[in-house]
Amino acid sequence: MHNLAAVTKILLAVLLSIASFLTNSVSALVVFFSLECICVFFLKKRGIAAKAFMIMMIFSFVLYGIQILCGTAYSLAALSAIRMAIMADSIILMLLSTATQQITAALVQQCYLSYNYAFMVTAVLRFVPDFLEESRSVREAQACRGYRSNGNPLRRMMAYMMVIKPMVFHAISRSQNMAVSLELRGFSTAHNRTFVAETHLGMMDYVVFAFFIIVCGMVIKIF
Amino acid sequence: MKSIRFCEEKSEDLRWLTITTLLLAIGVILRMVSPNIGGISLNWNIVMYTLAIMLCRPTPKQGLGIGFVSGLVATMSSKAALPYANLVSDPLAGLVCATLASKYLLDFKIRKVSLEPVLLVFLTTFVSGGSFVLITKVILSLPMQVFLYAMMPAVLLVALLGSIAGQILYRPANKIFNATANVSAENKYSLKDIQMRVEKGAFVVITGVNGAGKTSLLQTIAGANMNYFDDVYNSTIHINGIDVLQTKRGELKKRIGMVMADYEGQLVTECVSDEIDFSLENAGLSIEKILQRRDDVLQMVGLKDMAGKKIAVLSGGQKQRLAIAVMLALHAEILILDEPVAAIDPEGAAEIYHLLQKIRESYHTTIIVSEHDLKYVMPYATQMIVMEDGRMKKAGSIKECLKYMYDENIYPEAIPLKTKIYLKLGESLC
Amino acid sequence: MLKLMNIAYSYDKDHQVLRNIDFSVEKGEIMAIAGRNGSGKTTLTRIIIGLVLAKQGKIELDGEDVTSTKAYDMARKIGYVFQNPDRQLFANTVIEETMYASQQQPGCTKEKACIQAREALHDVGLEGVENKSPQLLSRGEKQRLAIASALAAKPEILLLDEPTSGQDCRERTHLLRLIRRLNHEGMTIILVTHDMDIIEEHANHIIVLKDGLLGFNGIPTDLFSDEELTVSLGLELPETISMSKEMGIPLCRSAAEIYENLKRRPGTHA
């Protein structure tokens, strides 16, 4: 599964989600869901996927429960609950089997997204661990000046601004240097950009995609 | 005579991109760590990108793109129950926000205090949250009661909290953002009297107090476009036979690599190998060439076994070496480093300079470094430049420059101990 | 004044970060904490200020047991100045920033905090910028602001983490002069630093950590005059000491001393 092109996986996720709306049969949806569960076995990060699937199932039950409480028919409630699980799980499968660089390469080359925005996605994810560490460090620095997180939730949120402000200000100062650095690395003048990440569609991609279309079509027809 | 580059067209200012990226990253972690009331907290993503939009006032199209990035990041980083909804609600909100912001449509003032932040964040959150819950309701056929009495009030509450946060953050943020951006003609910084002639393979060290113009000089040589910078007057800069002031920026960028003081901000991808690929991809090199060069440079800087690792787990010294590797991969004939060892411990500092010397010996690269703590660079440097107040005060061998600094009392604090003692002794015998 | 007795800390059973740490800081001292990366220096500093609680042992400050006192309460007694002031600056004006720590203390009114803040800003040489935005100050000014902010709360001890890292040489000299002056006025100072030259010239007490144990506890000159011991603890000799040895003169603590010694030595020429 990891060897499929990113765009194939994106399309499959969308396909499954659309397919789940093309049928009003609970059994059909259960088949789709089982398909996704089978896909989990092809993943390397099975443990994480299994956990995520469990959490989604819990959300589905909660959704089912809320709808029943508000008087929706059992079958309708079940339909929307399972649909939600299918859609969320399809994205989880896609994310856990594709590297970020592959996703952005696919978005730019095959989904025609402007490179600026695809780049921003990877850059945001790159800085997340840095800022996480910084938030801890700022929190400690402020604690050493007497900051403590107590009192009612609203007060705690307002006090938390003391942790947020230094980070925001630091980000603003850093943005200037980062902009200069990107310009120096030829970011805005790049016309013929190449991509190291693989985006070519192989035989396997077409086979798998065709397989899924056939299966979904059959399931919808049967149920 | 103004340098030719001053007359060049200014390239796109990428600040909108960088500030949005950094603020969105903060938004992502705040969702994870900030205090909340029973699971409901501000939607920090929205507050942050609205703040970014207010700071740089992009076009509506860019706002749409920013919203899309936020939606994508939200989809990829959180286990959202309905991921696709973010991909519609956030771009829509981003578009609305940028349109309103670009025309300052919500800029109402009460006693000189602008209410734009609170109004804009509220509206943006309402549009984003409202469309999100609406899509959710329709797709999952949720009952109307849940929508009207639980979801919409939650959206309104989140919008209210977010708008307060936005109001508190905007004014000081704006002050800092515009500190360098809107510099008036009189306040622009310029350099004067720089007479620099550097041969290929030299190792130059530039010194001077903070504010003397070292960074501006280095960035000028590298071909950077600084909005607070005027130009270089009455100067000639020849490096490796290139007349820097008469060469176009694009040409300079191809041949010169710069590692800035904030090297963390220069590393923009997730993995070590991706970082090296980034510059090479921009240059349009073929994949085979990229892979070959990547291996070569990682070997050179000693990071070969870290190729697949995430940048976040590298130490300060390793990140610095990665930044150097990135420049090497572009076959830069001139390598510029701005205070490379400022925040690194002594062992790491010695290693960096050792690496620079190795690079110089292997590739005959010209190295230009700005430094305060001269003891690390003394064994390697062949030439020195002393700066003060934007002017070059002295250029020559290390010995000549240190003596000059001592005699003229220009930044004498930086003179290494031994030299200082010898100079003082020499003086006492005269 | 500050006593640490038999402090130990570990993250888990196999990884003992600190063992048997015993030392005390006298009032009016300048004490330095040194050690390579990984020696436990950072953890010890965090234990002293209360960000982390020791697993074993006792800490006493002026006779009071502060072993389980957390950072926000320790803030009253120990002013901690972080290595990177950017991690702390949040206020819209310099004066607001400086007042924060004192305002957190119970019983401190806004007026009192403002007065203490102005005094602290005067002490560090930052008058005239009270209404400026802290973000727009230079690197050196930001570091001094961080010190003022800690001073304004009138702590008993000032703990500075790598105060001169990232600063230019001129600012470094000013900061050290400031630290020296504060000490003359009675402030007890703890310095965590990599810079042996600072320790040799300014500190009168040093502790060195190696692999979580206390490798040395005493006077800097005693440590640095024993080159073997210094190197075995992973430290470099200060420039003044290594230069004195090279020139064959008595061990000197500062450039001025070296100069005097060389001048007096017969047959000296540049």
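The values are calculated or read from the model by the stated rules, or taken from the named source; none is laboratory data. Being a predicted model, the structure only gives us computed values, none of them experimental. Methodologically, a virtual Cβ is constructed for each residue, glycine included, from the backbone with ideal geometry; neighbour enumeration extends over all protein chains shown. The protein model used for the area step is the full one, side chains on, heavy atoms only, and it has no ligands, DNA or RNA in it. Shrake-Rupley method; radii C 1.70, N 1.55, O 1.52, S 1.80 Å.
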Legend entry - Accessible area buried between chains A and C, both sides summed, probe 1.4 Å, in Å² to nearest 100: 1900
Inset, instruction - Just need the relative contact order of chain A here, percent rounded to a whole number, with Cα pairs under 8 Å and 6+ apart. - result: 34
Legend entry - Per residue, in Å², the accessible surface of segment B:231-317 once ligands and nucleic acids are set aside, probe 1.4 Å: 38
Inset, instruction - In square nanometres and to one decimal, what's the mean projected area of the convex hull around the Cα atoms of chain B? - result: 26.2
Legend entry - Restraint check, C:K58/C:K154; B:K418/C:K142; B:K248/C:K142; B:K248/B:K358; B:K192/B:K253, Cα-Cα greater than 27 Å: B:K418/C:K142; B:K248/C:K142; B:K248/B:K358
Legend entry - Debye intensity ratio in log₁₀ form over the Cα atoms of segment B:73-115, taken at each q of 0.16, 0.23, 0.32 Å⁻¹: -0.59, -0.76, -1.03
Legend entry - Between B and C, accessible area buried - total, square angstrom, nearest 100, 1.4 angstrom probe: 2600
Inset, instruction - Rounding to the nearest 20 debye, state how big the charge dipole of the protein assembly as shown is about its Cα centre with +1 on each Lys and Arg Cβ and -1 on each Asp and Glu Cβ. - result: 2160
Inset, instruction - Could you work out the relative contact order of segment B:280-349, using alpha carbon pairs under 8 angstrom and six or more residues apart, expressed as a whole percent? - result: 32
Inset, instruction - Grab the alpha carbons of the protein assembly as shown, take their convex hull, and tell me the volume per residue in Å³. - result: 185
Legend entry - Shielding of C:67-79 by partner chains, average beta-carbon count, 10 Å: 3
Inset, instruction - Could you run the Karplus curve 6.51 cos²θ - 1.76 cosθ + 1.60 with θ = phi - 60° over segment C:68-78 and give me ³J(HN,Hα) per residue in whole Hz, x for Gly and Pro? - result: 10, 7, 7, 3, 5, 8, 5, 4, 5, 9, 10
Inset, instruction - Order the peptides A:143-151, C:199-207, C:221-229 from the highest to the lowest mean number of other Cβ atoms within 10 Å of their residues. - result: C:199-207, A:143-151, C:221-229
Legend entry - Residues in segment B:232-267 that, when all protein chains are in place, have 30 Å² or more less accessible area than the chain alone would give (probe 1.4 Å): B:K253, B:M260, B:D262, B:E264, B:G265, B:Q266
Inset, instruction - Take the Cα coordinates of segment B:111-258, assign each an equal point scatterer, and use the Debye formula without solvent to give log10 I(q)/I(0) at q = 0.11, 0.14 Å⁻¹. - result: -0.67, -0.78
Legend entry - Within the protein assembly as shown, helix-based [θ] at 222 nm, where runs of 4 or more DSSP H residues each add -39,500 (n - 2.57), nearest 500: -17500 deg cm²/dmol
Legend entry - A:H170 accessible area, assembled protein chains, probe 1.4 Å, Å²: 40
Legend entry - For the pair B and A, total buried accessible area rounded to nearest 100 Å², probe 1.4 Å: 8000
Inset, instruction - Could you work out, for segment C:20-109, what percent of all Cα-Cα pairs fall into each 5 Å distance bin, beginning at 0 Å and stopping at the bin that holds the largest distance? - result: 2, 11, 18, 23, 20, 14, 9, 3, 1
Legend entry - Range of Cα positions in chain C per principal axis (Å), largest first: 64, 51, 29
Legend entry - Interface residues in segment A:80-100 - accessible area drops by 40 Å² or more relative to the isolated chain, probe 1.4 Å: A:M84, A:M87, A:I91, A:L95
Inset, instruction - Let me have the relative contact order for segment B:191-429, percent, based on Cα pairs under 8 Å that are six or more residues apart. - result: 30
Inset, instruction - First compute the accessible area of chain C with a 1.4 Å probe, then give the percent of it belonging to carbon and sulfur atoms. - result: 46
Inset, instruction - Shielding by partners for C:227-239, please: the mean number of other protein chain Cβ atoms within 10 Å of each residue's Cβ. - result: 1
Inset, instruction - Round to the nearest 10 and report in Å² the accessible area of C:S102, as given by a 1.4 Å probe over the protein chains' heavy atoms. - result: 0
Legend entry - Computed over segment B:204-285, the ratio Rg/Rh where both radii use C-alpha atoms and Rh is Kirkwood: 1.00
Legend entry - Rg [Å, one decimal], Dmax [Å, integer] - chain A, C-alpha atoms: 22.8, 68
Legend entry - Delta accessible area of at least 40 Å² on complex formation, residues of segment C:85-129, 1.4 Å probe, chain isolated as reference: C:R87, C:Q88, C:F90, C:N92, C:Y100
Inset, instruction - Pop out the ³J(HN,Hα) list for segment C:109-121 in order, Karplus 6.51 cos²θ - 1.76 cosθ + 1.60 with θ = phi - 60°, rounded to Hz; leave Gly and Pro as x. - result: 7, 5, 5, 5, 4, 5, 5, 4, 5, 4, 4, 5, 5
Inset, instruction - With a 1.4 Å probe and every protein chain left in place, work out the accessible area per residue of segment A:110-223 in Å², rounded to a whole number. - result: 43
Legend entry - Accessible surface of segment B:191-429 [probe 1.4 Å, protein heavy atoms]: carbon and sulfur percent: 48
Legend entry - Probe 1.4 Å, protein heavy atoms only - accessible area per residue of chain C in square angstrom: 43
Inset, instruction - Report, ordered by chain and residue number, the lysines lying within cross-link reach of B:K309, taken as a straight Cα distance under 23 Å and ignoring same-chain residues fewer than 8 apart. - result: A:K44, A:K45, B:K289, B:K319
Inset, instruction - Would you list which lysines come within 23 Å of B:K61, measuring only between C-alpha atoms, while excluding same-chain residues fewer than 8 positions from it? - result: B:K10, B:K103
Inset, instruction - May I ask you to give the percent of accessible area on segment A:33-86 that is carbon plus sulfur, with a probe radius of 1.4 Å? - result: 79
Inset, instruction - Evaluate peptide B:410-418: per residue, the Cβ atoms of other protein chains within 10 Å of its Cβ; return the mean as an integer. - result: 4
Legend entry - For segment C:1-57, projected area of the alpha-carbon convex hull averaged over all directions, nm²: 4.1
Inset, instruction - First check a/c for segment C:102-260, with a ≥ b ≥ c the square roots of the eigenvalues of its C-alpha gyration tensor; if it is under 1.5, answer rounded, and if not, answer prolate when a/b is larger than b/c or oblate otherwise. - result: prolate
